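Only one structure is covered here, and it is reproduced in the block below.
The values are calculated or read from the model by the stated rules, or taken from the named source; none is laboratory data. The model shown is predicted, which means the values in this text are computed figures rather than measured ones. All Cβ positions, glycine included, derive from the backbone under ideal geometry; neighbour counts span all protein chains shown.
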Amino acid sequence: MQIIGYILIIFAVADFGLSWLGYNLTPFLPAAISKFSPIIIGAIGYFFLNAKNMGSSGNDDPALDRFRDKPKRKKTKKK
């Protein structure tokens, strides 16, 4: 999945760069969509790069441990 993501991002950067030179890498798309194709293709590539992180619960960050509810300690009576 990451390889596909990198390929799509490289293609998006190439499409953007070559569009400044007058070359259209996406002539099969309508003109209105072809203008935004680097953004769309780059976003899809970014999604593929981060697809493995989407399934995690999000609580794996150790910095968030300080915000978790800590169990309350029972107070012991001193005699």
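When the residues of the stretch 33-50 are filtered to those that are at pLDDT 90 or above and small (Gly, Ala, Ser), which remaining residue is nearest to Ile3 (Cα to Cα)?
Among residues in the stretch 33-50 that are at pLDDT 90 or above and small (Gly, Ala, Ser), the one nearest to Ile3 (Cα to Cα) is Gly45.
Is there any pair with a first residue in the stretch 1-22 that is under 17 Å from Ala51 (Cβ atoms) and touching a residue at least 40 places away in the same chain (Cβ under 8 Å) and a second that is loosely packed, with under 14 Cβ neighbours inside 10 Å and basic (Lys, Arg) whose Cβ atoms are under 8 Å apart and which are 6 or more apart or on different chains, and what are they?
Here the result reads Met1/Lys52; Gln2/Lys52, each pair linking the stretch 1-22 to a residue that is loosely packed, with under 14 Cβ neighbours inside 10 Å and basic (Lys, Arg).
Name the single residue, out of those in the stretch 1-16 being among the hydrophobic types (A, V, I, L, M, F, W, C) and surrounded by 15 or more Cβ atoms within 10 Å (Cβ to Cβ), that is farthest from the chain's Cα centre (by Cα).
Phe16
Is at least one residue of the stretch 26-39 aliphatic (A, V, I, L, M), surrounded by 13 or more Cβ atoms within 10 Å (Cβ to Cβ), assigned to a helix (DSSP H, G or I) and out of contact with any Ser or Thr (no Cβ under 6 Å at 6 or more places or on another chain)?
Within the stretch 26-39 (the criterion being aliphatic (A, V, I, L, M), surrounded by 13 or more Cβ atoms within 10 Å (Cβ to Cβ), assigned to a helix (DSSP H, G or I) and out of contact with any Ser or Thr (no Cβ under 6 Å at 6 or more places or on another chain)), the answer is no, since none of the residues qualifies.
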